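A.B. asks: Pasting in a structure now, in structure tokens, and then I'll have a few things to ask.
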């Protein structure tokens, strides 16, 4: 069976105040073209369909048009789940009705867990679509108070699946999670799953399956050999993702559950880059030109100037209107204006501080009569305080 | 300060008690409070502030926090447990209306607590404070904030969040002073101010004083004053010279006056002496009277004794007469007594006969005593016997009844039952036989069932084998055909191979048969068949054939088995006949019935035995009772006889006793006798007493009469003596020339009085002599003297004295004036000196104060100067977060430029925008930008405060709204900032109704649910 694995579309996202929906629509068109060419037997969409739980109206329209094309025109079944950015109930709307048409969309987890069974020439493949679930939700549904972390959530779900899955049938999981071994490979655009940690799931939890199609992390990563994979996001959604190309995964699974895979690259119309440059004579130019930077690309500019340039952003945007973030590493740090540090202040006596204050403003030392006056005042105050 | 637990009742929107346990959020460090508008989110912070300080955030007053949803007698209560460092404290406040409902009563308590593992609760471990002021002071001490500052720094309330950022220097100063404990610097500046003012006042006072002093001496300058002083000094010297002359004149005048005075004195004395003498001579008359008195008294004295004696005798006589009166009255009373006594005696004499009779009766009764005894004995015996009789009769009746009962039972109950059970036992054998029959049938039925099921199994197997066989047969055919086909092809191929050369040249002979004509040349077709293929096909065919054979064998075997079974089954069924058709339940029920009947029959044996025994017992009992009855009857007869005998004896005795003396028993009789005896005794005694009394009375009467006579004789004697004495006295009076007794008595005087008279007479005489003598002497002295006029001399002397005096006064006045003048001059000079010193000091102080108060090029006060160091560090920390939140666009800077003229500066902030390269004022930022800049600043402040300030710990922070101003991306950054705060002990709570927050912080939140009867708190946490 041919399987197309994609995830993390984040439709409707705004990127540094730039509405990406148009670019996303173009990207989805390219995706449907790939589906038309490759003719997979099923498309897996592993979560984070939208960027917010209540997405903008146009984003919903784009999604609607895309899946209509995939299912009705290209007659390819689609299995989709909600991710942590999505609202489970809204995504799950009409799931029962849509199933008949070939759209298997799972918004919130339902017990008992029912697989989606598709067949190829070798037999049946059981697809388990598990949407993103908070431990609290599952605790309530399963009436099991021991479920506290995401690891617990998946352990429990796996136990249910293993109990009911017929031996000999191939199994594929579609899920949305943060694999603990992926630590260090996340990007700035992923939302932290749990306030207070414990959101990680170990890769070996999924040993049971023949393939695990995951979403959530935006880079295409693999674990447990090639069994557990992230397809990566549809586009680059933060500057930390700039070096990594985006793609979808195409798999061909055979009778025994092993498969071959290839990455099909997605090329956006506007790229995302991190660049270095400097401003001279009120003009901006790039200092490194290894990358092929187009005028319309989204840029994070690291300005090399050592002094402040007025209206730097304006100047940059004349050349590259989509420059979004400006970083200035060489700018001298704003130092404290005071000559003293807090440690000094805390350790100096009131008299010493006053002396310092006096000398700073009058450029002279305190003469004897003034010393007497101030000493008397300080002594009196200290006596009153004790 | 880290909150641990909060409980609110009847506070704000909360009616019932709501408990929030903040320790649940320890792991997540960030929690969200959300709910609809007005549900009570801010109220929770109000409750915290109220618990700590008794005040609330924002504009809501303490009393107005009482919930509207509760009854009047429900108390508003807030309990707050919190931790500072390692100490845990607990505050409890309650608020409720007083009896009249016009005001509120508050109760509060504050104490330290520790966690008790055993009872799983917090326990008090110090004495609670209960006064509002005490608690407030303590809270401010341990927290380090006043209520005002708490509201600005720890709880960043709705709308007030930005104050720290936007506030001008003077307000920032107050906040920073509190946090960094820098009040002392402010105090120094203020002290300088106070001191400067003090100096100024002192200077003014001193100047005024100087002015006054100058006015006091009426001069305008010191030189003039000094000149004035010299002049005055000179005139003083002149005056002093004149004094001596005046003094001399005065002394002379004084002497003259003295002499004149002495002469006047003497003259006065003479007049005095004359006066005295004449006065004394006026008393002459009195003196003479006294002399006469004395004479008379001396005459009357000897007659005194006689007078006394007469009086004595009169007294004796009177006494005795009184005594006689007494005796008379006594005599009368005793006579009366005598008469009464005689009467009583007569009475008793009359009763003597009666008494004699009584005595006789007593004797009689004593004689009959033994008979009465016996009567009593017999009476008691008869009573006893009667009782015994009655008992026996009762026993007899009982025994008869019992016999009757037993007989009844035996007949009516036991005998019939015995009959019944005997019947049952007879049927036992029958039921046993039935049981055996049925059990056999059961066995057979089971056998049949087993056979049937076995047959069914085999049948199924057979079918299966059949199918298999079909399949294999087909397979066999197929493989066979396959092989044939292949074989044919192979042959054909061989043929084709052989025919190959013939295709090319069909004139060649056929290698097989040699024919030269080839009407049907074998063609090779595409599909060549190898030897191997053929072999394989052959093998397949053979295998298929074998499989088939095996399967067929198996099939036959099974068929055979099935057939055998069937035969057996049929035989069995015939044997059973229609028994086999009976339904299972029916069969079982019948079996059960038989078993029950058999059991019943067996039990009947036992019961029968028991019944027979019982019958026997009853009969035995009847027999015993009849025996008993006989002996009792005998006993009754004996008793009856005894009774009769006793009765007879009783009658005999009764005849011997007197008829009318029917005493109940011996005792009654004794009592009667005793009574009579007592009466007799008394009579005899009374008689005796009366006789004695009669004698005594007579004796007394005689004695009294004798006494009376004696006294009368004495009186007569005394009276004659008296007469004699009186006669004598009269003769003496005449001799001494007294006219009457009264006169003589009047002239009597005591010894003391006579002596006194003598003395007075002598004194008068001697004094008279003295006075006369002294007058003589003075007259002698003043014989030829002339007295001058005293008044003129006196006048002259006085005038001279006055002049002297005035002169002296003038001098003294002038001296005094000069002295004071000098003193004043000295004072003035000193004042001038002091003034100068003070002036210098004031100048220094003023300079210092002005500088410390901000009069310098940066308009920075001293405390600002110090605080700016802290603020710089705060800004540094704040900028780290701000860089993250604004993606390195904004940086906070402290500015030192003076913005407006005199307005104090040094702590103002501006924001540097790297995109434009310029600085912006903080109130020029957008709403969202202001929010996250304020947030960065607040966090920076918390970081620095915890590191530096003594004692103040910003372990928790609460942010009330503001997140609505952020767009989705910035909201993400803000959440991430809050989630990534360093330090394990920090807790951040945010209130927001923004929906996105609810989803991002979904596993660590407090939901406030608004209801009609108040709001409720629901916790969502892992």
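Every number in this text was worked out from the coordinates using simple rules, so none of it is lab data. None of these values were measured; they are calculated from a predicted model. Virtual Cβ from ideal backbone geometry, glycine too; neighbours counted across all protein chains shown.
A.B. asks: Looking only at other chains, what is the average number of their beta-carbon atoms within 10 angstrom of each beta-carbon in A:366-373?
C.D. replies: Per residue, the number of nearby Cβ atoms from other chains is 4 on average.
A.B. asks: Based only on Cα atoms, what mean projected area does the convex hull of the range B:685-763 have, in nm²?
C.D. replies: It is 11.6 nm².
A.B. asks: Across peptide B:866-874, what mean number of C-beta atoms from other chains lies inside 10 Å of a residue's C-beta?
C.D. replies: Going residue by residue through B:866-874 and averaging, the value is 6.
A.B. asks: Helix A:350-362 sits at what angle to the longest principal axis of chain A, using alpha carbons and giving 0 to 90 degrees rounded to 10?
C.D. replies: Between helix and principal axis, roughly 80 degrees.
A.B. asks: For the residues B:247, B:424, B:284, what sequence is obtained by ranking on other C-beta atoms within 10 Å, fewest first?
C.D. replies: So the ranking, lowest neighbour count to highest, is B:284, B:247, B:424.
A.B. asks: Could you order the peptides B:446-458, A:368-380 from most to least packed, using the average number of other C-beta atoms within 10 Å per residue?
C.D. replies: The densest-packed peptide leads the list: A:368-380, B:446-458.
A.B. asks: How far is helix B:415-426 tilted, in degrees, relative to the longest principal axis of the Cα atoms in chain B, given as a value from 0 to 90 rounded to the nearest 10?
C.D. replies: Helix B:415-426 sits at roughly 30 degrees to that axis.
A.B. asks: Just the number, please: Stokes-Einstein D of chain B in µm²/s, Kirkwood Rh from C-alpha pairs, 25 °C, 0.890 mPa s.
C.D. replies: Reported coefficient: 44 µm²/s.
A.B. asks: For the range B:308-326 and the range B:488-511, compute the distance between their C-alpha centroids and round to whole Å.
C.D. replies: Cα centroid to Cα centroid, the span is 222 Å.
A.B. asks: Right, next: Rounded, prolate or oblate: which fits the range A:1-122 when a ≥ b ≥ c are the square roots of the eigenvalues of the alpha-carbon gyration tensor, with rounded for a/c under 1.5 and prolate only if a/b beats b/c?
C.D. replies: Verdict is oblate for the range A:1-122.
A.B. asks: Go through B:996-1009, B:809-822, A:149-162, A:125-138 and give me the packing order, highest mean Cβ count within 10 Å leading.
C.D. replies: Peptide ranking by packing, descending: A:125-138, B:996-1009, A:149-162, B:809-822.
A.B. asks: Taking neighbour Cβ counts within 10 Å as the exposure measure, how do B:866, A:248 sort from fewest upward?
C.D. replies: Lowest to highest Cβ neighbour count: A:248, B:866.
A.B. asks: Under the definition of partner shielding as Cβ atoms of other protein chains within 10 Å of a residue Cβ, what is the mean value for peptide B:885-895?
C.D. replies: 3
A.B. asks: Peptides B:318-326, B:373-381, A:319-327: what's the order by average Cβ count within 10 Å, highest mean first?
C.D. replies: Those peptides, ordered most packed to least, come out A:319-327, B:373-381, B:318-326.
A.B. asks: What is the ratio of the Cα radius of gyration of the protein assembly as shown to 2.2 N^0.38 Å, with N the residue count, to two decimals?
C.D. replies: Scaled against compact globular proteins, the figure is 2.16.
A.B. asks: Something else now. Relative to the longest principal axis of the C-alpha atoms of chain B, give the angle of the C-alpha long axis of helix B:183-216, reported between 0 and 90° and rounded to the nearest 10°.
C.D. replies: Value to nearest ten degrees: 30.
A.B. asks: Mind sorting B:266, B:103 by how few other Cβ atoms lie within 10 Å of their own Cβ, fewest first?
C.D. replies: B:103, B:266
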